[in-house]
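Structure, as structure tokens:
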Amino acid sequence: DSLLSRRDVAAFVNSYPTLDVAHELVKGDYTAGAPITLQVSLSRDADEDDDDSSDPTVIAPYFPGKKIANWWIVIGEPKTRQLLAIKKVTVHRSLAVRLEFSLPQGQHAVKLYVICDSYMGADHDIDLDPIDVAEGEDSESEEESDEDAMEE
């Protein structure tokens, strides 16, 4: 039960991941049930002179093994409590990720969450612009065309 040295504290502080998050919703006609794509770019705020700054290994002296900092990229709609997309990634220096999800007709307030599995307080909670989703393909016309094909 020894106290942490200043060197231990400095190593932890220097290893704390400062992640920059950029996102872009791929433009298009959003219709019910059709895929919507969100591009997410993650980059660690790393010193170019420090080669260890991109090391995703967590400083965790009481963890029973080597621990890599992973990030969960989550798209959700808080109002309906729906999880729309999720992906687990490891960021060394930078990473670009595409997530696809679909929504029903209407206007949706969607959030992007970037959650670290190793450090408290490193998470991001980003409100996306409201997404207006139009009515999708009419399923009745497909049924009618199936019936017409059967009659022939």
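Quick notes
- Only lysines eight or more places from K67 in sequence, or on another chain, were considered; those with a Cα closer than 23 Å are K87, K88.
- Rg/Rh (Cα only; Kirkwood hydrodynamic radius) as it applies to region 27-129: 1.06
- Rounded to the nearest 0.05, the FRET efficiency derived from the C-beta distance between E137 and L83 at R0 = 41 Å is 0.95.
- Highest mean packing comes first when the peptides 96-103, 71-78, 55-62 are listed by Cβ atoms within 10 Å, giving 71-78, 96-103, 55-62.
- Normalising the average separation of contacting C-alpha pairs (under 8 angstrom, six or more residues apart) by the number of residues puts the relative contact order of region 1-124 at 28 percent.
- Gain on full extension, evaluated as 0.36 nm per residue between D55 and H92 minus their Cα-Cα distance, stands at 12.7 nm.
- With a cut-off of 13 Å between beta carbons, the residues surrounding R98 carry a summed charge of -1, where Lys and Arg count +1 and Asp and Glu -1.
- Label point at Y62 placed 7 Å out along Cα→Cβ; residues across region 1-43 whose backbone nitrogen lies under 18 Å: 1-6, 8-13
- Rounded percent of accessible protein surface that carbon and sulfur make up, region 64-143, 1.4 Å probe: 48
- Put a dot 7 Å past the Cα of K111, heading toward its Cβ, do the same for R6, and the two dots end up 4.0 nm apart.
The values are calculated or read from the model by the stated rules, or taken from the named source; none is laboratory data. Computed from a predicted model, the values in this text were never measured in an experiment. All Cβ positions, glycine included, derive from the backbone under ideal geometry; neighbour counts span all protein chains shown. The area values use the complete protein model at the heavy-atom level, side chains included, leaving out ligands, DNA and RNA. Shrake-Rupley method; radii C 1.70, N 1.55, O 1.52, S 1.80 Å.
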